[in-house]
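In what follows, a single structure is set out as structure tokens and then discussed.
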Amino acid sequence: AASYETTPLSSVLPLAFSGEISEEGFSTQVREPKHTICALSEEISETVSLWKNLPTAEGITKSAAREGATLLLETTSGKPLAAIWQKGKGRAMAVATHSTWRWALGNAAKGLSGQTYQRFWRQAVRWLTQTPSVKLVRISLKTGLRAPQEPIEVNVRVFDETYKPASSARVSLWVFPP
């Protein structure tokens, strides 16, 4: 990551890299547990716990989040780890470590799942490519058969343009007979 700072690509990245790499181990903490990239569970407390309990990773390029960037992840000592932003019609993400793979293999060595690693990268790719599953409004229904007149639970999640939950969204729902 350090070599990008001296290229034209530097202005596209949401982290400004110093070029200095530290090989020391670090633990990860989530700054934006509700963001679609970082949300590993429907429950915020579980998402925070999953990030907190990841195996230690090693090697981080010292960096700072650029103005307008959203810092998603950082080390427990406060060093930027992953940031995103949207510029015009494009999106970019910068990750300041070369060892996210340790999240998967470290858990596997403990007999745990590597799903945190897999889900993080899957959700990152979906957000970066603007996959329809990362729309600003998401509607889901509880599945299963329902008798006529039986209530159906509808879950509506509304996000702002930075994919954080919208704090003052107004939602209306109309139901029409078949």
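The values are calculated or read from the model by the stated rules, or taken from the named source; none is laboratory data. Owing to the predicted nature of the structure, the values given are computational and were not obtained by experimental measurement. Note that each Cβ is placed from the backbone with ideal geometry, even for glycine, and that neighbours are counted across all protein chains shown. SASA here: full protein model, heavy atoms, side chains in, ligands and nucleic acids out. Shrake-Rupley method; radii C 1.70, N 1.55, O 1.52, S 1.80 Å.
Before moving on, here are some points about what is shown:
- Here the calculated FRET efficiency for Ser168 and Thr56, from their Cβ-Cβ distance with R0 = 45 Å, stands at 0.70, rounded to the nearest 0.05.
- Rounded Å value of the spacing that divides the Cα centres of segment 51-96 and segment 14-47: 6 Å
- Accessible solvent surface per residue of the chain, calculated while the other protein chains remain in place, 1.4 angstrom probe, Å²: 62 Å²
- Cα-centred dipole magnitude for segment 11-50, charges only on beta-carbon of K, R (+1) and D, E (-1), debye, nearest 20: 160 debye
- Inter-probe distance in nm under a simple model that places probes 7 Å from Cα toward Cβ, at Thr129 and Arg91: 1.1 nm
- For the chain: relative contact order, % (alpha-carbon pairs under 8 angstrom, 6 or more apart): 19 percent
- Set against the labelled values (1) 22, 18, 16; (2) 35, 21, 12; (3) 46, 24, 13, semi-axes √(5λ) of the Cα gyration tensor in Å computed from this structure falls on (2).
- For the chain, with +1 on Lys and Arg beta carbons and -1 on Asp and Glu, the positive-most of Thr100, Pro14, Leu136 along the dipole: Leu136
- Element breakdown for the chain at a 1.4 angstrom probe: carbon and sulfur atoms account for 53% of the accessible area.
- Whole-Hz Karplus values for segment 41-51 come out as 8, 5, 8, 4, 4, 5, 4, 4, 5, 4, 5 Hz, taken residue by residue from phi with 6.51 cos²θ - 1.76 cosθ + 1.60 and θ = phi - 60°; glycine and proline positions read x.
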